[in-house]
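Encoded as structure tokens, the structure appears first; notes follow it.
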Amino acid sequence: MAYANLGSANRGKKLRRERLVSRAYYTPLIILLVITLVVIFSCGRKKESSRLVIGLNTQIERLNPITIKNPQTFQVAWQIYEGLLDLDESGQIVPRIAERWETEDNKVWVFHIRKGVTFHRSEIFDTPSKTRNVTSHDVLHSFTSFCSPGAYPSFVLADSIKGCAEYSAGKAKRVKGLRVVDDYTFEIELNKPEPFFLYRITSPWIAIFPKEANIEKYKDRWGLDIAVGTGPYRLLSKTDNQIVLVRNEDYWDKSRIPKIEKLVFRVIKNDQMRFSELLKNKIDLMILPNSLFFSVFDTDGNPKQKYKRRFKFKEIKTFNHHFIGVNIKKIRDIHLRRAMFYGTNRKEMVKKVLLGYADILSGAIPPGMNGYIPTFKRIYDPDKAKKELKQSKYDGREIELLVHDLASSEQICQVFQKQMKNIGINIKLTKLDFNSVIGRMVKGDVELFSMFAEIVFSSPEPLLLNLFSTKKIPVPNFWHYSNPNTDKRLEELRNLTDRNASLKACAEIEREIMEYVPAIFLYRQNQVVMFSNAFSNLKINSHNHYMFEKMEKLH
């Protein structure tokens, strides 16, 4: 028994010694394992890239600034390319590739190119680093390209820059008004003084890209798998249905290096399918199409509770206008045109079709454009509409109105049709595809047409000059509006250097134009962006430039 007791005591001592040995042996292993896991997980966090997936409703065009037409492509391209200038979210001009500028007479403008701005690394550059600094020679190449015959945005500059129109028409070998002073100084000479010239080039559409884009071996690939700019993101890959951009680690503005490493743009043409992908977290962000407004919002235009829990909503006021254009050559009766103008209840349209996500227009200029305030007050007046109709020679015939399948054109015009019937005007709706409506507009063989436009200018002066000058018939003066007094007053805007005086003159000119009713401007539609609440700090300016470099993913 004693042995047994002694043996039992000895076994206890032995077990205690084994436990001590075990602890001494395993403790370092456990610590080593914990350290290893920490290292693995922290490495994992470093390697794990944050990404934002954006759903688009249409196929992306070639990423070539001089041929881009579709606003959906801008959403991608403006991450890659930058212009001399830009607008911030409040609409103020900010420097980009040009760090400063000056003019003595509003006719010759001098731009000082920022030093140290490099293009994205690419095989097009014959340098060891596969990149180089931007110089004035690239600015010359870019602006010359925008004046070329094949450039879609040439209308922005053609009437302004000396020699641009001649070069565009193939009548000159170079653009006379574009000059390289030195590697970092660039000069633009205009046909006439323009105090508002800067507001022609604030859109990233007028982008700076390298002259190597014209090298023969890369021409066919430019805009497809090669797209080189100076922006905060660079092109990684492009297919018909998806584009991937990655953060430009060498971006010149260190305060704006993107926080999100990768942008993925997915093309999902069907609105309902795209929305379904958003709900399933397969995409993170999309612009809400009008077709989904009544699914997402209540009758007051507020997001339904089930969506507010998971998503954020941002309303964007961009430079756009929606209108019913009038061909004055076809509808010459000014009293009939005025009857349609005053008989249009824009508030009803906006409430019924857009749930209030629009700002009513009396003329072509969106409210707030560079401080602009419209002077028209009461634009819906059914009694005045009926009086104007009585003074007209209208005989009750059907007036054809062309509609299309974009931007709720048909639904808006159905409301218009009913409103016109209430005052005694018969409207016949004819639905065509969007491009066919544009074709008929340009030919001038239509009476009324439903249309909308994204505006590239950021101030009223160039907008009015383009839409209502006699010399702009038939494009973009689709309404064939011609008035010598208006032409004279529009040219006088070039002499107004005081900002407030110029805005006041624009309001007076617009009011004069609208007395003739070349179009029934309806509203500026406000975009609604719906995105995952896992992200924050979405910034978009009035040019529809998504500043994704400022966006953050929340942890």
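The values are calculated or read from the model by the stated rules, or taken from the named source; none is laboratory data. Bear in mind the structure is a predicted one, so any value in this text is a computation, not a measurement. Every residue, glycine as well, gets a Cβ built from its backbone with ideal geometry; the counts of neighbours run over all protein chains shown.
Yes or no: ILE328 in contact (Cβ under 8 Å) with a residue 12 or more places away in the chain, hydrophobic (A, V, I, L, M, F, W, C), more than 29 Å from SER50 (Cα to Cα) and outside any helix (DSSP H, G or I)?
Values: in contact (Cβ under 8 Å) with a residue 12 or more places away in the chain: yes; hydrophobic (A, V, I, L, M, F, W, C): yes; more than 29 Å from SER50 (Cα to Cα): yes; outside any helix (DSSP H, G or I): yes.
So ILE328 fits the description; yes.
Look through LYS262, LYS269 and report the one residue that is outside the structural domain of ARG121 (by TED's automatic domain parsing), at negative phi and surrounded by fewer than 13 Cβ atoms within 10 Å (Cβ to Cβ). Let's see the steps before the verdict.
Working: LYS262 fails: surrounded by fewer than 13 Cβ atoms within 10 Å (Cβ to Cβ).
The match here is LYS269.
Out of the residues in the stretch 202-220 meeting the condition of being out of contact with any Phe, Trp or Tyr (no Cβ under 9 Å at 6 or more places or on another chain) and surrounded by 14 or more Cβ atoms within 10 Å (Cβ to Cβ), tell me which one is farthest from PRO65 (Cα to Cα).
Looking at the filtered set, the residue picked out is TYR218.
Which of the following residues is loosely packed, with under 14 Cβ neighbours inside 10 Å, in contact with a strand residue (DSSP E or B) (Cβ under 9 Å, 6 or more places away or on another chain) and either among the aromatic types (Phe, Trp, Tyr) or outside the structural domain of GLU89 (by TED's automatic domain parsing) (or both): ASN426, ASN435, ASN422?
ASN426 is the lone residue from the list that is loosely packed, with under 14 Cβ neighbours inside 10 Å, in contact with a strand residue (DSSP E or B) (Cβ under 9 Å, 6 or more places away or on another chain) and either among the aromatic types (Phe, Trp, Tyr) or outside the structural domain of GLU89 (by TED's automatic domain parsing) (or both).
Select from the stretch 320-379 the residues that are surrounded by fewer than 21 Cβ atoms within 10 Å (Cβ to Cβ), at pLDDT below 95 and on the phi > 0 side of the Ramachandran plot and list them in ascending order.
If the condition is that a residue be surrounded by fewer than 21 Cβ atoms within 10 Å (Cβ to Cβ), at pLDDT below 95 and on the phi > 0 side of the Ramachandran plot, then GLY368, GLY371 are the ones that fit.
Considering LYS130, LYS115, which residue is touching a residue at least 12 places away in the same chain (Cβ under 8 Å) and surrounded by fewer than 17 Cβ atoms within 10 Å (Cβ to Cβ)?
Working: LYS130 fails: touching a residue at least 12 places away in the same chain (Cβ under 8 Å).
After ruling out the rest, the residue left standing is LYS115.
Can you say whether ALA158 is out of contact with any strand residue (DSSP E or B) (no Cβ under 9 Å at 6 or more places or on another chain) and closer than 28 Å to TYR372 by Cα, as far as the supplied structure shows?
Yes: the conditions hold for ALA158.
Can you work out which of the residues in the stretch 531-542 that are part of a strand (DSSP E or B) and hydroxyl-bearing (Ser, Thr, Tyr) is farthest from THR344 (Cα to Cα)?
SER536
Taking the stretch 431-452, which residues are closer than 15 Å to ILE412 by Cβ and not basic (Lys, Arg)?
The initial filter retains those residues of the stretch 431-452 that are closer than 15 Å to ILE412 by Cβ, namely 431, 434, 437, 448-452.
Scanning the stretch 431-452 gives PHE434, VAL437, LEU448, PHE449, SER450, MET451, PHE452.
Among the residues of the stretch 278-300, write down those that are crowded, with 16+ Cβ neighbours inside 10 Å, in contact with a helix residue (DSSP H, G or I) (Cβ under 8 Å, 6 or more places away or on another chain) and more than 15 Å from PHE535 (Cβ to Cβ).
LEU288, PRO289, ASN290, LEU292, PHE293, VAL296
Any residue at all in the stretch 179-188 that's buried (at least 22 other Cβ atoms within 10 Å of the Cβ), in the same structural domain as GLY116 (by TED's automatic domain parsing), in contact (Cβ under 8 Å) with a residue 40 or more places away in the chain and within 21 Å of GLY116 (Cα to Cα)?
yes
State all residues of the stretch 231-284 that are assigned to a loop (DSSP other than H, G, I, E, B) and hydroxyl-bearing (Ser, Thr, Tyr); if no residue qualifies, say none.
THR239, TYR251 - these are the residues of the stretch 231-284 that are assigned to a loop (DSSP other than H, G, I, E, B) and hydroxyl-bearing (Ser, Thr, Tyr).
Looking only at strands (runs of 3 or more DSSP E) that lie completely in the stretch 1-120, which have at least 2 residues being among the aromatic types (Phe, Trp, Tyr) and at pLDDT 50 or above?
Ranges flagged: 108-113.
Could you please find all residues in the stretch 168-183 being in a loop (DSSP other than H, G, I, E, B) and of a type outside the set (A, V, I, L, M)?
Listed by number, the residues that qualify are GLY170, LYS171, LYS173, ARG174, LYS176, GLY177, ASP183.
Hey, among ASP298, ASP284, which residue is out of contact with any Leu (no Cβ under 7 Å at 6 or more places or on another chain), farther than 23 Å from ASP405 by Cα and of a type outside the set (A, V, I, L, M, F, W, C)?
Among ASP298, ASP284, only ASP298 is out of contact with any Leu (no Cβ under 7 Å at 6 or more places or on another chain), farther than 23 Å from ASP405 by Cα and of a type outside the set (A, V, I, L, M, F, W, C).
Give the residue, chosen from VAL139, VAL175, VAL156, that is over 15 Å from ILE201 (Cα atoms) and surrounded by 20 or more Cβ atoms within 10 Å (Cβ to Cβ). Can you show your working first?
On the way: VAL139 fails: over 15 Å from ILE201 (Cα atoms); VAL156 fails: over 15 Å from ILE201 (Cα atoms).
One residue alone meets the criteria, VAL175.
Out of SER450, SER502, SER458, I need the residue that is touching a residue at least 24 places away in the same chain (Cβ under 8 Å), buried (at least 20 other Cβ atoms within 10 Å of the Cβ) and in a loop (DSSP other than H, G, I, E, B). Which one?
Just a single option satisfies the conditions, and that option is SER458.
Give the stretch 129-167 a look and list any residue that's in a helix (DSSP H, G or I) and modelled with pLDDT under 95, or say none.
Result: TYR152, PRO153, SER154, PHE155, VAL156.
Search the stretch 388-407 for residues being assigned to a loop (DSSP other than H, G, I, E, B) and of a type in the set (A, V, I, L, M, F, W, C), and hand back the single one that is surrounded by the most Cβ atoms within 10 Å (Cβ to Cβ).
The qualifying residue surrounded by the most Cβ atoms within 10 Å (Cβ to Cβ) is ALA407.
Has the stretch 519-530 got any residue that is farther than 27 Å from VAL353 by Cα and assigned to a loop (DSSP other than H, G, I, E, B)?
no
Could you give me the residue pairs with C-beta distances under 9 Å whose first residue belongs to the stretch 355-366 and is closer than 12 Å to PHE319 by Cβ, whose second residue is small (Gly, Ala, Ser) and crowded, with 19+ Cβ neighbours inside 10 Å wherever it lies, and which are 6+ apart or on separate chains?
Every condition considered, the pairs that remain are ALA364/ALA519; PRO366/SER542.
If you check every pair at least six apart or on different chains, which have Cβ atoms under 6 Å apart with a residue in the stretch 288-308 that is in contact (Cβ under 8 Å) with a residue 12 or more places away in the chain first and a residue that is in a loop (DSSP other than H, G, I, E, B) second?
ASN290/SER408; PHE293/LEU355; PHE297/LEU355; GLY301/LEU355; GLY301/GLY356
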